[in-house]
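Step one of this worksheet: look at the structure below.
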Amino acid sequence: MDRLPGAVPADGVDAGVAAHYGDLFREQRALAGGQGFVDLSHRGVVTVSGPERLSWLHLLLTQHVSELPPQQATEALILSPNGHIEHALYLVDDGRTTWIHVEPGTTGELTAYLEKMKFFAQVEIADATDAYAVVHLPAGSTADASGAAAVRELPYGRDLFLPREGFAEATDGFGQAAGLWAYEALRVEGHRPRLGFETDHRTIPHELGWLETAVHLQKGCYRGQETVARVHNLGRPPRRLVFLHLDGSGEALPAHGDQVRLAADGPDGRAVGFVTTAVRHHELGPIALALVKRNTSADAPLIAGTVAAAQEIVVAP
């Protein structure tokens, strides 16, 4: 869809889809009103089939999926032995196959790990990215999704797994395309973390609020569970995700990785965190997500890069 009229291609990890189609705020308003769709065909697609797929995935993921009902969407993480986040999986099972979409460029590493853990389980793992593409329909959309191989129903919309063959024709009835920047603005507004943006090499689920949506605290053992249990019981994750209202008097947004400091310490003060995603929202103006030290005062004014910022709590200190 980065070749549609008016499309401005995204770059970096999101290359291959449109950043916007010439009117960012109109595209956001359309999505917020249940209109249009977002091309997420750059994301990776993995399928797991076989009679033991759910019980086997249950042993590897942070989420309870052994009895996942057909068509019920969920999300899950794969952690390192030390509890750091390695993969974020967005999945749904159709009764025969578990459909998963993941960050662009991560399917190779993910499928290699799954194959390594297969042992004698009756499962078949496939990188289906070349055959299927992901499209997002916003909440309230009445578009016909009957051509999708699988659908994830979510509070904020639907993720469709569409065959790449005939992809353009299948999306013709979905209305006007909205770019990834509009989708990202609504993601930031919804405080939804994204792997590789809100995470780094040492991020644990507690820091991002993923404990509520992607981790089941009463399930059996999985890699990294000891860290999850210990930090949950102590209540002391090292950092916490915050939502930032940015000063809109300037034109520039802080970049991913820009340091966050206490405003009281000035622009040369000690960093207490970093910006993860900054966007322009059609109603809220410039906003961002950032990861800061847990003990950063929840009401302290901040500086994100060079931009003044006021914080809202996402993960309680």
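The values are calculated or read from the model by the stated rules, or taken from the named source; none is laboratory data. Bear in mind the structure is a predicted one, so any value in this text is a computation, not a measurement. Cβ placement follows ideal geometry from the backbone for every residue including glycine, while neighbour counts extend to all protein chains displayed. Accessible surface areas use protein heavy atoms only, side chains included; no ligands, DNA or RNA. Shrake-Rupley method; radii C 1.70, N 1.55, O 1.52, S 1.80 Å.
Side notes on the structure shown:
- Considered as a group, the residues in region 276-295 that are out of contact with any helix residue (DSSP H, G or I) (no Cβ under 7 Å at 6 or more places or on another chain) and surrounded by fewer than 19 Cβ atoms within 10 Å (Cβ to Cβ) include one that is farthest from R192 (Cα to Cα), and that residue is N295.
- Taken together, the criteria place P238 among residues that are open to solvent by 70 Å² or more (accessible area, probe 1.4 Å) and within 19 Å of A300 (Cβ to Cβ).
- Where D247 falls short, out of the listed (1) modelled with pLDDT of 95 or more; (2) open to solvent by less than 50 Å² (accessible area, probe 1.4 Å): (2)
Condition check ((1) within 15 Å of Q176 (Cβ to Cβ); (2) surrounded by fewer than 22 Cβ atoms within 10 Å (Cβ to Cβ); (3) acidic (D, E)) across all residues:
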| site | (1), (2), (3) |
| --- | --- |
| G12 | no, yes, no |
| A18 | yes, no, no |
| F25 | yes, yes, no |
| L40 | no, yes, no |
| L59 | no, yes, no |
| L68 | no, yes, no |
| S80 | no, yes, no |
| Y90 | no, yes, no |
| G95 | no, yes, no |
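- Residue check, A255 small (G, A, S), at pLDDT below 95 and not in a strand (DSSP E or B): no
- Contacts under 8 angstrom Cβ, first residue in region 245-256 being in contact (Cβ under 8 Å) with a residue 40 or more places away in the chain, partner among the acidic types (D, E), 6 or more apart: H245/E312
- Taking every residue in region 303-317 that is at positive phi and pairing it with any residue that is in a loop (DSSP other than H, G, I, E, B), at least 6 positions away or on another chain, the pairs with Cβ-Cβ distances below 9 Å are G305/A252; G305/L253; G305/P254; G305/A255; G305/D258.
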